[in-house]
Amino acid sequence: MSTPSESHDYVGDQPPKAAKLPLKAAPGITLRTLLKPVASLQLTVVLFALSLILIFFGTLAQQHASIERVVGTYFRAWIVFIPFDLISDFLRVFFAVDIHIPGKFPFPGGYIIGWAMFCNLLAAHLLRFKLTWKRLGIFMLHLGVIVLLLGEFLTAQLAVETQMHFNEGESANYTVSLHEVELAVVDTSNPESDTVVIVPDNILVRNAGKDWISNPDLPFDVKVLKYFVNTNAVEIKDAKTNLADKGIGTQEELEPRPETKGTDSDGRINYPGAYIELRDKGGNRLGSYLVSLNHRSQPVTVDDKTYQIALRLKRTYKPYSIELVKAEHKVYAGTNTPKDYASTVMIHDPEFGDRGPIRIWMNHPMYYRGEVFYQSQMQTDPKTGVKRSGLQVVKKNISWLKLGNRIMPVEYVGCFLITLGMGVHFVIRLISFLQRRAK
Amino acid sequence: MNPLIRKLQVGLPFLIFGLSLLMLGGKFFFPKTQENGFDLASYGNIPVQQGGRIKPLDSLARSTLMVISGKTEVVEVVNNDRWGWLVGGTSEKKLASASAWLLDVWTRPDIAHKYRIFRIDHPEILALIGLPGRPGSYRYSIKELEEANALQKIMPIYQKAQEKEKESRDAFDNRLIELGRHFQIYQALMSREEPGFTPPADDIEGKWTSIEQAINQVIGPFRERFEQAIRERHLQTLLADEQKLKAEIDQVGQEVVMQRIRARIKIETDRQMISLGHQLLSGDSGEEDKLLSPLQKQLEEANPGIVFMAQKIEAAYAAQDAVKFNEAVSEYHAKYTSQLPTSTLGRTNLEARMNAFDPFLQCMALYLGVVLFSCFSWLFWSKSFRQTAFALACLTLVVHTGALVARMYIGNRPPVTNLYSSAIFIGWGALVLCLILEAIYKLGIGTFCAGIIGFLTLIVARYLAESGDTLEMLQAVLDTNFWLATHVTTVTMGYMATLVAGLISIVYIFAALFTNSMRGEQGKQVSGMIYGVICFATLLSFVGTVLGGVWADESWGRFWGWDPKENGAVLIVIWNALVLHARWAGLVKTRGMAFLAVFGNMITIWSWFGTNQLGIGLHAYGADTKLVRNCALSWGLHSVLLLLAFIPSRFWASLGPVKED
């Protein structure tokens, strides 16, 4: 076998003769000279190295933060500030060396590296590559990489993941987002329907310890005294320091917990909580309350009208409801290891009528109205025996690629092209290798 | 050349191959079945159910003993004078095989409790219990632990450790919890809660009845009556000494006193129930007992197999009557085992046979031989030793493949289901890949690398087996044969190919640095080998990772989730792509590529084991402190290798100017 750099004639130390660009940007400076550094193979190697470092630190960071947060700050970000302490973490876990290094260093985030790879690849094809049969595999492979990079970018922008939870025999007409909460103020005075006003968590967090949150739709103003990302509800230890003077907060208090981590196996979510102070529109104090994901709603009375307030997972209401007709939860005999679980559901849609029953189980999702419902969790209450099912509800980024009633994510196309490209290139190389040997 | 030596050279591969085959055949077809006249092999063949899986008793005994003591047999550490300097002054003497140990636990507890099987090596735990450190063994018997009052001393601290959040537990807490789990496992075995002996009539996959269950089915309804009687007796004694009772109430309060009384009644009832169970099971009620006799009849009618097990097999062993024992075991097989479906029996029989043969241990020896003969081939008798190594490697392939297929058949699973099986599979894949390379290049490097990777991965696997049953059942998310077969297998093969490229590179670095063998054609060939394997690794790891994405998308609608294990897999893909692009860009030549490939090994170890240690993502199937140390060690060794890159090429024997001497 000859040495590889010779056989790969399209990339080598000599400038390639093919593909001359006729475009001229300015006298003396051709587009070619501008593109040349962008197209360089050295840059490719550097970008690969940068992506490796980013992914490595993005993995280490999951010891401290949830996957969602790490993805947001490392991979779906333009620039990331990586704490040096991640290095000391690594040394501590594997080498039992305990050193603390303060500070952070800036590093290109996933978007910069991704787009740089994208430009590098496009420029290389404009400049160096000539489409010949021999390079067909490489072309397909690189096209696949481009689709993959775009696909991941689109997923970052568009994909929405939510969950739907219900007990056997119950119905649900909304999904929840496990990583976002909202402060809900519910007016239950109308027997026909409830009126709900929502304060999203980013507004709560942004104004924590600062201004009053005020809105004409809200029956009262809200001030966030303290906000916690993750909490436990515990008995009040010291009544003097308790921030709440009304509602549940007079019986229990919040104990801050560390944020859930990407490296946890149990899939626990954060239980955010907050102490809020309320005043009516006239500026009269209504009291301070404790709200958290650990608690159900509690009443607040303004001007003789009672509202229910609660901090709950962010809801998205659907124009239909889904009824969990039957839940199956099997374990291996004599163990708690789950073997199989499935949910049989009925869809009640006022617009399109009823559908079902449909059985959803592992790797057999249900498709409805542009969303996909996957069997995700199943719990059986040890006391009552009531089964509670959790469905993962995903809105796919692009729905243009359909196979039957299945929606293929755009990543499939990229990966398919890359794999096929690799295969084609391998076959082409093999043929030329055999031809050379035959001579 | 002396014709005799030439004949020897030609015959050597055949000779070594034949001898090895003979030894393996002997081990496989004529396993040792009897111990002191007891046919323990046949006993160990009895199918039982534990952990949701049907397995031979021998497997249960081995995996339980492995978890508790880190060995598959009971050993005693003895001082060894003659060879002491070689093995650190001590060596191990086998006291009982796993099956014999299990029988002792069930029938001769006084002997079983003297076996030193509980491994406790954390100095703080030892200090807490008040046991002496026992370097070289660190194993303690139930008797020793009982005499030291271990349980009472551990309990309060154990409970505190359990209540702690996972992340705030330290090494001491974790080891204590582990020890607690070992006690529980032993307790479940002792109380006959595990394993199940007889399947439900209609569904073999359902929960099998254990001895404890069988007894409770019969005497359970009497519990309340027992408790009533004991309660009445207690109240009478309490009321008899009113003064004392009042004093106690004044001291600790009524609530606590009530709790104490309830606990005492429960303990006493439990004890009575157990004693009744024993009498029931042993069958010798003496004369006709009005209560016992009908119950015994009831037990025997409902669970004839279990009564037979206890009254015939175990009674014979307790009396150390080998003849009766062997008769009883074969009668049990004829009467009860034969009732099971043949497919189940085929699996348990094969598993028992595998336990006895221990194919991976044989493979380890074979791999060592392969490495040795490959090394010899570089010194003298080049062709002869190379062929010997190749022949031996082919034989290893047969054994390794056979064992792999047997595991797949027993578990009804694709080859890779957990960390243990990934190690075995990587060894196997490396062997296949290296044999192909050796068949093409004939340099002895292929067989050498096959031997090294095979041996090392099997050591890793042996160590990973300490966590218990290596054929354990899978979580529901993982329970998809199609994806296990495609994604997991391909990704594991990607790891394997990356490791092979790294190992060939290590061979290249040493050969090029210290010898001039890597000049000219040979160097080019090795370069081609490394390059080709990296291409292969890129393909496999990419396809494997993508399949993982497709699986995730099918299962929960997320093609890529950036979890630690996924990131580990994609690191390997990107690293291999980096090496290839660096090669094409002319940034590195063979030497540089070799160093990059060595770094690829470090990344592979990170992805394979390192990511699991960070805590656990969706994919992680185990975490361990010893693994951490070994990861660090392997990275250290590789780093030392990487330092060699800084030696200028003129000092490299194969790369510098040709010396004329």
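The values are calculated or read from the model by the stated rules, or taken from the named source; none is laboratory data. This is a predicted model, so every value here is computed, not measured. We place every Cβ from the backbone using ideal geometry, glycine too, and count neighbours over all the protein chains shown. Remember, those area values only see protein heavy atoms, side chains included, never the ligands or the DNA or RNA. Shrake-Rupley method; radii C 1.70, N 1.55, O 1.52, S 1.80 Å.
Observations on the structure shown:
- Consider the range A:304-324 and keep the residues that are over 25 Å from A:SER177 (Cβ atoms) and touching a residue at least 60 places away in the same chain (Cβ under 8 Å). The one that is farthest from the chain's Cα centre (by Cα) is A:LYS305.
- Failed item, numbered, when B:SER343 is tested on (1) open to solvent by less than 30 Å² (accessible area, probe 1.4 Å); (2) among the small types (Gly, Ala, Ser); (3) without any contact (Cβ under 8 Å) to a residue 60 or more places away in the chain: (1)
- Some residue of the range A:363-373 being open to solvent by less than 50 Å² (accessible area, probe 1.4 Å), in a loop (DSSP other than H, G, I, E, B) and in contact with a helix residue (DSSP H, G or I) (Cβ under 7 Å, 6 or more places away or on another chain): yes
- Within the range A:69-116, being open to solvent by 10 Å² or more (accessible area, probe 1.4 Å), within 14 Å of chain B (Cβ to nearest Cβ) and part of a loop (DSSP other than H, G, I, E, B) holds for A:ARG76, A:ALA77, A:ALA96, A:VAL97, A:ASP98.
- Any chance B:VAL533 is over 29 Å from the mean Cα position of the chain (by Cα), in contact (Cβ under 8 Å) with a residue 60 or more places away in the chain, more than 7 Å from chain A (Cβ to nearest Cβ) and over 22 Å from A:LEU121 (Cα atoms): yes
- Residue match in the range B:553-561 (condition: open to solvent by less than 20 Å² (accessible area, probe 1.4 Å) and more than 9 Å from chain A (Cβ to nearest Cβ)): no
- Residues satisfying the stated conditions in the range B:405-419, i.e. open to solvent by 70 Å² or more (accessible area, probe 1.4 Å) and not in a helix (DSSP H, G or I): B:ASN412
- Unique match (being surrounded by fewer than 16 Cβ atoms within 10 Å (Cβ to Cβ), within 19 Å of B:GLY305 (Cβ to Cβ) and without any contact (Cβ under 8 Å) to a residue 12 or more places away in the chain) among B:GLY206, B:GLY220: B:GLY206
- Across the range B:310-322, the number of residues qualifying as over 18 Å from B:ASN45 (Cα atoms) and hydrophobic (A, V, I, L, M, F, W, C) comes to 3.
- Check on A:GLU182, more than 29 Å from A:LYS261 (Cβ to Cβ) and touching a residue at least 24 places away in the same chain (Cβ under 8 Å): no
- Within the range B:302-327, the set of residues being closer than 18 Å to B:GLU212 by Cβ and of a type outside the set (Gly, Ala, Ser) comprises B:ASN303, B:PRO304, B:ILE306, B:VAL307, B:PHE308, B:MET309, B:GLN311, B:ILE313, B:GLU314.
- Some residue of the range B:486-493 being over 30 Å from B:ALA645 (Cα atoms), buried (at least 24 other Cβ atoms within 10 Å of the Cβ) and over 21 Å from the mean Cα position of the chain (by Cα): yes
- Matching option when the condition is more than 30 Å from B:GLU205 (Cα to Cα), over 27 Å from the mean Cα position of the chain (by Cα) and buried (at least 23 other Cβ atoms within 10 Å of the Cβ), among B:THR388, B:THR396: B:THR388
- The range B:11-32 - residue that is in contact (Cβ under 8 Å) with a residue 60 or more places away in the chain and more than 23 Å from the chain's Cα centre (by Cα) and, of those, most open to solvent (accessible area, probe 1.4 Å): B:PHE14
- One residue stands out among those in the range B:563-599 that are at the interface with chain A (Cβ under 8 Å from one of its Cβ atoms) and of a type in the set (Gly, Ala, Ser): the one that is farthest from B:GLY528 (Cα to Cα), which is B:GLY568.
- Qualifying position, being open to solvent by 30 Å² or more (accessible area, probe 1.4 Å) and within 30 Å of A:LEU86 (Cα to Cα), among A:GLU255, A:GLU277, A:GLU235: A:GLU255
- Each residue in the range B:532-550 was checked for being closer than 17 Å to A:LEU148 by Cβ, open to solvent by less than 30 Å² (accessible area, probe 1.4 Å) and touching a helix residue (DSSP H, G or I) at 6+ places or on another chain (Cβ under 6 Å), and 7 pass.
- Of the candidates B:GLY544, B:GLY561, B:GLY586, B:GLY548, the single residue that is without any contact (Cβ under 8 Å) to a residue 12 or more places away in the chain and out of contact with any strand residue (DSSP E or B) (no Cβ under 7 Å at 6 or more places or on another chain) is B:GLY586.
- From the list B:GLU178, B:GLU146, the one residue that fits, being in a helix (DSSP H, G or I), within 23 Å of the chain's Cα centre (by Cα) and surrounded by fewer than 17 Cβ atoms within 10 Å (Cβ to Cβ), is B:GLU178.
- Restricting attention to the range A:384-439, the residues that are open to solvent by 60 Å² or more (accessible area, probe 1.4 Å), modelled with pLDDT of 75 or more, basic (Lys, Arg) and under 34 Å from the mean Cα position of the chain (by Cα) total 2.
- Matching residues, the range A:39-58, being at the interface with chain B (Cβ under 7 Å from one of its Cβ atoms) and in contact (Cβ under 8 Å) with a residue 60 or more places away in the chain: A:LEU41, A:THR44, A:SER51
- The lone criterion from (1) at pLDDT 80 or above; (2) surrounded by 11 or more Cβ atoms within 10 Å (Cβ to Cβ); (3) under 30 Å from B:ILE306 (Cβ atoms) left unmet by B:SER285 is number (1).
- Residue in the range A:334-362 that is surrounded by the fewest Cβ atoms within 10 Å (Cβ to Cβ), counting only those that are part of a strand (DSSP E or B) and within 9 Å of chain B (Cβ to nearest Cβ): A:ASP340
- Hey, A:LEU290 open to solvent by less than 60 Å² (accessible area, probe 1.4 Å), closer than 27 Å to A:GLY356 by Cβ and touching a Phe, Trp or Tyr at 6+ places or on another chain (Cβ under 7 Å) or not: no
- The residues listed here are A:LEU243, A:LEU313, A:LEU293; of these, the one that is more than 30 Å from A:THR344 (Cβ to Cβ) and among the aliphatic types (A, V, I, L, M) is A:LEU243.
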